[in-house]
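The structure under discussion appears below in the form of structure tokens.
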Amino acid sequence: PIARTRAPALPCPVPVLQVSPTVADNSSQQDWGELFTEEELNELYYEDSVNDSDVTAAAPCRSCNLLDASSLPFFLLVSVLGFLASAAVLFALLRPLFRWRRCADRPVLAHAAAGSALFSLALPLLAPGLGGARPAPLCQLAHLAWHSSAFAQALLIASRACLGPRLGTGWLPRLILAALWAVSIMLGLPSALTSDSSEGSCPPSQGWGLLHTLHVSACCCLFVALPLGLLGATGLRAALGKGPCLWVDALWVWFIFWWPYGVMLGVDDLVRSRQVAIRSCHAQQVQDLLLQLAEGLATVHCVATPLLLALACHRAAHVAAPPLPPAPAPRPDPLAGKS
């Protein structure tokens, strides 16, 4: 089959009008009757005409766009709910209430809650359909906050799981926390530098070059390879019985929201760079649909992350504060009976 060219995603459904190239070429000429007779024109037309299947195969493949202007209420709702939930959990972590004071890894969880709140704040700037032109520096800052906050959360969860058993507590030094945020910002710079705001919005970059390759590599490493490495290390240490096992808790669910996005982003980059050829329009449409669904699932993480942080802190505080043993029964006073 003939490989199709990839066209930008359009609102679903959009009818595509197929026009015969021979007819289009004939309509662009001034007067063929001056050069050829009617018999010669008919002969030339039937010799140069192509089948409808060939024209259809050569037409651009247009996919349905789920995350268009009609999805603006979804982005705004997720942004508001995510920010409120993150702010509430962050306040509870900074002002410990009840048993949360015994949660030893409150600083790490507070940084993760701050990353979720930052993601929620940047979400409306990247939402499609929001009126008003946005300058390029604002779009770059929004993309930097969007990706850096996600990278920081992934690194915080992985560092807590790996260094917690070695340190004996989930508390990480401030120097390590600052280094994690610095690495996250550096990994988010390629996406910010390649962002585009030519149409008044801030669409994600789908260009080429070294910066785009670095961005896709960072997403695949932190969202795909990192959770697989954590699972492999946990199973290997449990099987060999060497060294302390990694901490496995509710925060690992966070990677479920981002793992499909990392996979589909890598697949999309391979298809666009023609490392993987998709010769079916239906397969191309399915790939575009899965990429947008993965992006929507990753967006919802800012609502689920505060709940996961609260659950992890509650369980850590509950384990750190075991119930007190029952008080011994009072002994009878021997002098009470004699009196």
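The values are calculated or read from the model by the stated rules, or taken from the named source; none is laboratory data. These numbers were taken from a predicted model, which means no experiment stands behind them. Heads up, the Cβs are rebuilt from the backbone with ideal geometry, glycines too, and the neighbour counts pull from every protein chain shown. The accessibility values were calculated without ligands, DNA or RNA, using every heavy atom of the protein model including side chains. Shrake-Rupley method; radii C 1.70, N 1.55, O 1.52, S 1.80 Å.
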Next on the checklist: Quick check on the stretch 164-195: of everything there that is part of a loop (DSSP other than H, G, I, E, B) and small (Gly, Ala, Ser), which residue is modelled with the highest pLDDT?
Outcome noted: 195
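With the structure loaded, tell me whether residue 198 is within 28 Å of residue 130 (Cα to Cα), modelled with pLDDT under 75, open to solvent by 40 Å² or more (accessible area, probe 1.4 Å) and small (Gly, Ala, Ser) or whether it fails that test. Walk me through how you get there before you give the answer.
Details: within 28 Å of residue 130 (Cα to Cα): yes; modelled with pLDDT under 75: yes; open to solvent by 40 Å² or more (accessible area, probe 1.4 Å): yes; small (Gly, Ala, Ser): yes.
In short, yes.
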Checklist entry - Which one of 121, 77 is farther than 19 Å from residue 188 by Cβ, open to solvent by 70 Å² or more (accessible area, probe 1.4 Å) and at pLDDT 90 or above? => result 77
Checklist entry - Residues in the stretch 140-163: is at least one modelled with pLDDT under 85 and either more than 19 Å from residue 183 (Cα to Cα) or touching a Cys at 6+ places or on another chain (Cβ under 8 Å) (or both)? => result no
Checklist entry - For the stretch 273-302, what are the residues that are touching a residue at least 40 places away in the same chain (Cβ under 8 Å) and within 29 Å of residue 118 (Cα to Cα)? => result 288, 289, 292, 293, 295, 296, 297, 298, 299, 300, 301, 302
Checklist entry - When only residues in the stretch 107-118 that are surrounded by fewer than 22 Cβ atoms within 10 Å (Cβ to Cβ) and over 20 Å from the mean Cα position of the chain (by Cα) count, which is farthest from residue 89 (Cα to Cα)? => result 107
Checklist entry - From the list 248, 224, 271, 216, which residue is under 23 Å from the mean Cα position of the chain (by Cα) and open to solvent by 30 Å² or more (accessible area, probe 1.4 Å)? => result 248
